[in-house]
Structure formats: structure tokens, C-alpha cells
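Report on one structure; see the data block that follows.
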Amino acid sequence: NEILNNDSKDELLGEILSSLERGLCAEPSLDSFIHMMHRCRKEKDIVNANRLYRYMQSKGVETHGSLCNYLVPMLVEAGQIDEAHRVFNNMESKNEFSWTCLISAYVRGGKPTQALNLYHDMLQDDSVLPNGYTIVAALKACSNLKDLKCGASIHARLIGTSCLEKDLFVGNTLIDMYAKCGSLSRACEVFDNLLVRDVVSWNALITGYIEQGQASHALKCFERMQMEEEVYPNSVTIICCSKACGNSGNILKGRELHMITVKKGLDTDLTVNRT
């Protein structure tokens, strides 16, 4: 009988795995394996994700082509990045989701060099293309390494594509990358070319000015932001501008910033109050 069907959706995954491990039911179909992996990811069930993987290994199905693109993301979210990469290396057909999951995992795990190596490997695979999430992960790796050359190369590949024109997440990450790498002129160029800007866009540029010791430019950027009709400062904006006021000794701007903070109701934010 099918181990997972519509009648067993509410059954605890642990109980299902216990039955499988004890040989009390037939081996699941490929669809059931996929369903169980999806449940592990959705419920962030690390314990049962590892149990499921061990069971799949015992049955020799962990290298099955139809399962690997689901298995890699599950292992990544279970914290088994080395195992995920091992499975990934043995895959004949990798989709963009598997590539992106592994690249992002290395960035989150503080291994930006491995992330960029994997990104460049992906570019050699003609069957897939990096998506917005892949680009963001690669740009974050460049930021962590202060690798302006690599970041600019990624940017160059995006010019004229819908990813750069329509994906604000990518645009904001580009601004942040250039700022962290010390190229504020390029950060401003990307910022000015964005079709739409949100508070994250402004914060990335303001933060960049502060990190590069240009507090007065950060405050001028904040003044420009206030002229935008549909963009409002958040706690990050206030904290950054407070630092700029302190660094530049601008008491008047600091008082003005305090009034804005109260007016926007951000004075109740503990992180803002600490500044």
C-alpha cells in the first residue's frame, strides 16, 4: 500500500519513518519520498530529515535522478551541507534550485569562496541559468570577500536583463555589494538607475556612506529620501542616520531626526532607543 496518501497527511512523519525503518510497510514510491522531503523542509524537521536520508541511503535511492533535486535542499536545511554537496556532485541533471540552495548555504555558513566557486561552475552548465536568488547569493559572497572585481563581473552579466530591471532584491544587493567593496560611485550609479526604490535601497546607500566615513553624504541621502512620496524611514534608517549625526557632530540634524522618529512612531523600537 502507498505509504503516504491523502488520508495520512496529518500523520506524524516520525511515525511513518518508524514503520519504514522497522519494515512494517512497503517501500515508498518516488512521489512519497518527494512528499516526505517536502514535509521535512516545510516543517523544518531536521531530525526526521536526517532519518529520511539515512533510510534512502539504506535503500540505495538517494542517487535517483528524480529525487536528488529535492534531496539537496532538504539536506541543506537540515544543516548537512557536506552531504548535500556529495549528493549534488553525483547528480546527472541539476536544476537551478539545487544550485541556488547550495550556493546560498555556503554564503550563510560563512564560506563565500566556496559559494563563488560553485556559482562559476553553474555558469558553465548550459542547462541552467542563475535566477535572482542565485545572483543575490553570489553578490553577498562578493560583499563578504570584498571582491569588487567579481561583483562587477556579475553586474556586467545582468546589464540589459529583466533581472536587473525588475528585481528590486537584486538591485538592492548590488548597491550593498558596491558600498561594502568601497565603490560608492558604482553604488550610486545602480541606485540612480533603479526603476523603483524602496526603503532598503536608501538604507543600503546610507549605510555605505557611513561605513566609508562619509557621514555628511549619508545625511544628504536621507534628506533626498524624505522627498520621496511613498518611501518612509524604518528603524534601520534611524539607527544609521543617528550614527551619521554622531560621527559628524550634527546636533541640529540629530534633533530633527529625533522628531521624525517620534512622528513615525519608531521611538518605541528598542534598537532605535539604544542609539
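Residues that are of a type in the set (Asp, Glu) and open to solvent by 60 Å² or more (accessible area, probe 1.4 Å) within segment 144-172 comprise just one, GLU165.
Any idea which of VAL87, VAL61 is surrounded by 22 or more Cβ atoms within 10 Å (Cβ to Cβ) and more than 20 Å from the chain's Cα centre (by Cα)?
VAL87
Might you check whether a residue that is more than 22 Å from the chain's Cα centre (by Cα), farther than 16 Å from LEU257 by Cα and of a type in the set (Gly, Ala, Ser) occurs anywhere in segment 209-220? Within segment 209-220, one or more residues are more than 22 Å from the chain's Cα centre (by Cα), farther than 16 Å from LEU257 by Cα and of a type in the set (Gly, Ala, Ser).
For segment 46-85, filtering for residues that are within 17 Å of CYS101 (Cα to Cα) and either touching a strand residue (DSSP E or B) at 6+ places or on another chain (Cβ under 9 Å) or of a type in the set (Asp, Glu) (or both) leaves 3. Scanning segment 217-233 for residues that are modelled with pLDDT of 90 or more and open to solvent by less than 60 Å² (accessible area, probe 1.4 Å) yields a total of 5.
Taking the criterion of being under 19 Å from HIS258 (Cβ atoms) and either of a type in the set (Val, Ile, Thr) or under 24 Å from the mean Cα position of the chain (by Cα) (or both), the residues of segment 221-246 that qualify are TYR232, PRO233, ASN234, SER235, VAL236, THR237, ILE238, ILE239, CYS240.
ILE103 satisfies every condition listed in (1) open to solvent by less than 50 Å² (accessible area, probe 1.4 Å); (2) not in a helix (DSSP H, G or I) except (2).
Rundown of residues vs (1) part of a helix (DSSP H, G or I); (2) within 18 Å of PHE169 (Cα to Cα), yes/no style:
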{"residue": "LEU195", "(1), (2)": "no, yes"}
{"residue": "LEU205", "(1), (2)": "yes, yes"}
{"residue": "TYR209", "(1), (2)": "yes, no"}
{"residue": "SER216", "(1), (2)": "yes, no"}
{"residue": "MET225", "(1), (2)": "yes, no"}
{"residue": "VAL236", "(1), (2)": "yes, yes"}
{"residue": "ALA244", "(1), (2)": "yes, no"}
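Number of residues in segment 5-58 that are hydrophobic (A, V, I, L, M, F, W, C), at pLDDT 90 or above and open to solvent by 40 Å² or more (accessible area, probe 1.4 Å) equals 3.
Considering only segment 121-146, state which residues are part of a loop (DSSP other than H, G, I, E, B) and small (Gly, Ala, Ser).
Passing the criteria: only SER127.
Scanning segment 93-123 for residues that are in contact with a Ser or Thr (Cβ under 9 Å, 6 or more places away or on another chain) and more than 22 Å from LEU145 (Cβ to Cβ) yields SER93, LYS94, ASN95, GLU96.
The values are calculated or read from the model by the stated rules, or taken from the named source; none is laboratory data. Owing to the predicted nature of the structure, the values given are computational and were not obtained by experimental measurement. As a convention, Cβ positions derive from the backbone with ideal geometry for all residues, glycine included, and neighbour counts pool all protein chains shown. When the accessible area is computed, the model is the full protein with side chains, heavy atoms only, and any ligands, DNA or RNA have been set aside. Shrake-Rupley method; radii C 1.70, N 1.55, O 1.52, S 1.80 Å.
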